[in-house]
Amino acid sequence: GAGVSQTPSNKVTEKGKYVELRCDPISGHTALYWYRQSLGQGPEFLIYFQGTGAADDSGLPNDRFFAVRPEGSVSTLKIQRTERGDSAVYLCASSLLAGGYNEQFFGPGTRLTVL
Amino acid sequence: DQQVKQNSPSLSVQEGRISILNCDYTNSMFDYFLWYKKYPAEGPTFLISISSIKDKNEDGRFTVFLNKSAKHLSLHIVPSQPGDSAVYFCAASEELEQGGSEKLVFGKGTKLTVNP
């Protein structure tokens with residue numbers, strides 16, 4: 001079956017602009033995560049959705065970052081007034097919500113470059 | 001302060017030999033540990049995991065060892081193959097109530113190169 005998909009694969013924008021990054025999770029996966037991977041670092045958690053609601057947004061760096069998942073499937077990460085330090089690969093992952101640990105399946109990521 | 005540390009940025013081994021990738025952690029609340037493999041321009045893919053109540057988990061050529069007292073885990077790949085060349089990330093998750101966030105905390109990764 002189809003895995004997690006993310007669009008666009010690459011996004012180049014200018015400082016101060018607004019961007020939206022999209023994630024299509026695996027069908028039936030209730031849990032959805034956003035991570036950010038900066039150069040030379042491992043992925044860092046941003047936000048977690050359980051269904052439509054953001055159950056844990058403790059990783060969002062500031063109020064310029066916002067994410068939605070209105071119908072419990074597709075999610076959009078929104079970044080306002082982008083800064084050069086926002087340049088990174090933004091990864092989305094989805095998983096089931098079942099007993100025990102639930103494996104997270106990652107998409108290929110969106111590489112954001114802020115000039 | 002990094003809660004999951006991979007102190008070796010790179011490792012090079014010969015095909016057929018053993019690869020050992022190491023990972024240390026500081027948070028004693030972590031109860032699940034995972035290894036992810038990442039090729040360029042792709043997302044991380046799950047490789048193997050271990051619960052904190054175990055000290056070893058084996059899956060084919062891959063074995064993960066956990067030493068809770070030392071807060072250390074390692075991934076052994078034997079025999080190593082050129083196709084194993086990738087960046088390997090160690091990750092950990094805290095025990096939470098069912099349905100709660102299972103957010104992963106990642107190390108910086110180790111780039112493994114297996115030479116033919």
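The values are calculated or read from the model by the stated rules, or taken from the named source; none is laboratory data. Owing to the predicted nature of the structure, the values given are computational and were not obtained by experimental measurement. With ideal geometry, Cβ positions are generated from the backbone for all residues, glycine too; neighbour counts draw on all protein chains shown. Note: areas computed on protein heavy atoms with side chains; ligands, DNA, RNA excluded. Shrake-Rupley method; radii C 1.70, N 1.55, O 1.52, S 1.80 Å.
Pop out the carbon and sulfur fraction of the accessible area of the range B:46-88 as a percent, whole number, probe 1.4 Å. If you can, show how the numbers build up before the last one.
Numbers: 1050 of 2090 Å².
Result for the range B:46-88: 50 percent of the exposed heavy-atom area is carbon or sulfur.
Once the Cα gyration tensor of chain A is found, what semi-axes does its equivalent ellipsoid get, as square roots of 5 times the eigenvalues, in whole Å, sorted largest first?
In descending order, the three semi-axes are 23, 14, 13 Å.
GluC sites (Glu not before Pro) within the range B:1-68: which are DSSP loop residues with at most 10 other Cβ atoms inside 10 Å? Write out the running numbers ahead of the final one.
Working: sites: B:Glu15, B:Glu42, B:Glu58; in loops: B:Glu15, B:Glu42.
Answer in residue order: no site qualifies.
As I understand it, the dipole of the range A:5-114 uses +1 on the Cβ of Lys and Arg and -1 on the Cβ of Asp and Glu, about the Cα centre. Which of A:Ser5, A:Ile79, A:Gly16 lies farthest toward its positive end?
Projecting each Cα onto the dipole axis, the largest value belongs to A:Gly16.
Treating only the Cβ atoms of Lys and Arg (+1) and Asp and Glu (-1) as charged, compute the dipole magnitude of the range B:4-115 about its Cα centre; round to the nearest 20 debye.
Working: 12 positive and 12 negative charges, 77 e Å.
Its charge dipole is roughly 380 debye.
How big is the equivalent ellipsoid of the range B:4-115 along its three axes, where each semi-axis is √(5λ) from the Cα gyration tensor, reported in whole Å from largest to smallest?
Working: eigenvalues 112, 44, 31 Å².
Computed over the range B:4-115, the values are 24, 15, 12 Å.
So, with +1 on the Cβ of K and R and -1 on the Cβ of D and E, and no other charges, what is the size of the charge dipole of the range A:5-114 about its Cα centre, to the nearest 20 debye? Numbers along the way, then the final one.
Details: 11 positive and 11 negative charges, 84 e Å.
Rounded to the nearest 20 debye, it is 400 debye.
Give me the compactness ratio for the protein assembly as shown, meaning the Cα radius of gyration over 2.2 N^0.38 Å.
Numbers: Rg = 17.7 Å, N = 231, 2.2 N^0.38 = 17.4 Å.
That ratio works out to 1.01.
With charges set only on the Cβ (+1 for Lys and Arg, -1 for Asp and Glu), what does the dipole of the protein assembly as shown come to about its Cα centre, in debye to the nearest 20? The partial results should precede the final answer.
On the way: 23 positive and 24 negative charges, 144 e Å.
Taking the Cα centre of the protein assembly as shown as origin, the dipole is about 700 debye.
With unit charges on the beta carbon (Lys/Arg positive, Asp/Glu negative), name the residue among A:Ala67, A:Ser27, A:Gly51 whose Cα is farthest towards the positive pole of the charge dipole of the range A:5-114.
The Cα lying farthest towards the positive end belongs to A:Ala67.
With each pseudo-label sitting 7 Å past Cα toward Cβ, what's the B:Phe46-B:Asp59 distance in nm, one decimal?
0.7 nm
Among B:Leu34, B:Cys90, B:Thr110, whose Cα sits farthest toward the positive end of the charge dipole of chain B (+1 at Cβ of Lys/Arg, -1 at Cβ of Asp/Glu, about the Cα centre)?
B:Thr110
So which chymotrypsin sites (Phe, Trp or Tyr not before Pro) in the range A:1-54 are both in a DSSP loop and have at most 13 other Cβ atoms within 10 Å of their Cβ? Kindly include the intermediate steps, with their values, before the conclusion.
On the way: sites: A:Tyr18, A:Tyr33, A:Trp34, A:Tyr35, A:Phe45, A:Tyr48, A:Phe49; in loops: A:Tyr18.
Passing sites in the range A:1-54 are A:Tyr18.
In Å² (nearest 100), what accessible area is buried between B and A, both sides summed, heavy protein atoms only, 1.4 Å probe?
On the way: alone 6730 and 6240 Å², together 11200 Å².
So the total buried area for this chain pair works out to about 1800 Å².
Could you sort A:Ile26, B:Ile20, B:Ile53 by accessible area so the largest value comes first, with the probe set to 1.4 Å?
Details: A:Ile26 35, B:Ile20 75, B:Ile53 150 Å².
Ranked from most to least accessible, the order is B:Ile53, B:Ile20, A:Ile26.
Subtracting the Cα-Cα distance from 0.36 nm times the residue separation, let me have the gained length for B:Ser28 to B:His76 in nm, one decimal.
Working: separation 48, 0.36 × 48 = 17.28 nm, distance 2.29 nm.
Computed gain between B:Ser28 and B:His76 is 15.0 nm.
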